[in-house]
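First the structure, in the form of structure tokens, and then the observations on it.
Laboratory data are not the source of any read-out in this text; all were calculated from the coordinates shown. Predicted, not measured: the structure shown is a model, and the values here were computed from it. A quick note on method: Cβ atoms are made from the backbone with ideal geometry, for glycine too, and the neighbour counts reach across all protein chains shown.
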Amino acid sequence: MKHLNWDYDNPFTLEVVVQDQHIDALAHTRNTHYVEWCMDAAWAHTTALGLGPEDYQRLDRAMALTHAEYDYHKATRAGDTLWVGTWITDWAGRMKMTRRLQVICEATGDTVFRGALEFVCIEISTGLPKRPPKAFIDLYGPVIAVSE
């Protein structure tokens, strides 16, 4: 991966190669795939930090998506290598979390997509908002990215 112009330092990254099945009737990547790849990157980041789906179940807590914003900047096509970068940028009051996402096309260096996701901590068994367990605070807190 060559140097890419990330919005924040030290992204967690996921490489994606656009395949023929990702292409829509306009001959570019179908918009829904960017969202899927961003969710894949978010889960991979959380798991890499040490909180996998089994930990969520065991702790009876999860970060549930409450709001999403997506900006599509440029089209990509079959064969393009994309890098999905993600960061946790806010852990407000420790109940809510904001995750930022950026997708860059490796060949051009262009940012083709940006997203912002807001999550709230819930108790899985009830679906109600609950304070996060210490494991969440200990793992998410130290990795909050700050823009320059």
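Using the number of other C-beta atoms within 10 angstrom as an exposure proxy, rank H45, H3, H28, H73 with the fewest first.
Neighbour counts put them in this order, fewest first: H3, H73, H28, H45.
Note the angle between two axes, namely the Cα long axis of helix 31-49 and the longest principal axis of the Cα atoms of the chain, as a number of degrees from 0 to 90, rounded to the nearest 10.
50 degrees
Could you calculate the FRET efficiency of K74 with T47 from 1/(1 + (r/R0)^6), where r is the beta carbon distance between them and R0 is 35 Å, rounded to 0.05?
The value I calculate is 0.75.
Which one of H3, L51, L14 has its Cα pushed farthest toward the positive end of the charge dipole of the chain, where Lys and Arg give +1 and Asp and Glu give -1 at the Cβ?
L51
Using alpha carbons only, how many angstrom separate the centre of segment 55-74 from the centre of segment 8-52?
Spelled out, the Cα-based centre of one part sits 14 Å from the other.
May I ask you to sort V146, V18 by Cβ crowding, counting other Cβ atoms within 10 Å and putting the fewest first?
Fewest-to-most Cβ neighbours within 10 Å comes out as V146, V18.
Using a 10 Å cut-off around each Cβ, can you sort F119, F113 from fewest to most neighbouring Cβ atoms?
F119, F113
Let me have the relative contact order for the chain, percent, based on Cα pairs under 8 Å that are six or more residues apart.
That works out to 29 percent.
Out of the trypsin sites (Lys or Arg not before Pro) in segment 1-69, which ones are loop residues according to DSSP with at most 10 other C-beta atoms within 10 Å?
Sites meeting the loop and neighbour criteria: K2.
Taking 0.36 nm per intervening residue step and subtracting the Cα-Cα distance, what contour gain separates A64 from T81 on full extension?
Length gained, A64 through T81: 3.2 nm.
Which of these values of Rg/Rh (Cα atoms, Kirkwood Rh) was calculated from the structure shown: (i) 1.26; (ii) 1.00; (iii) 1.05?
(ii)
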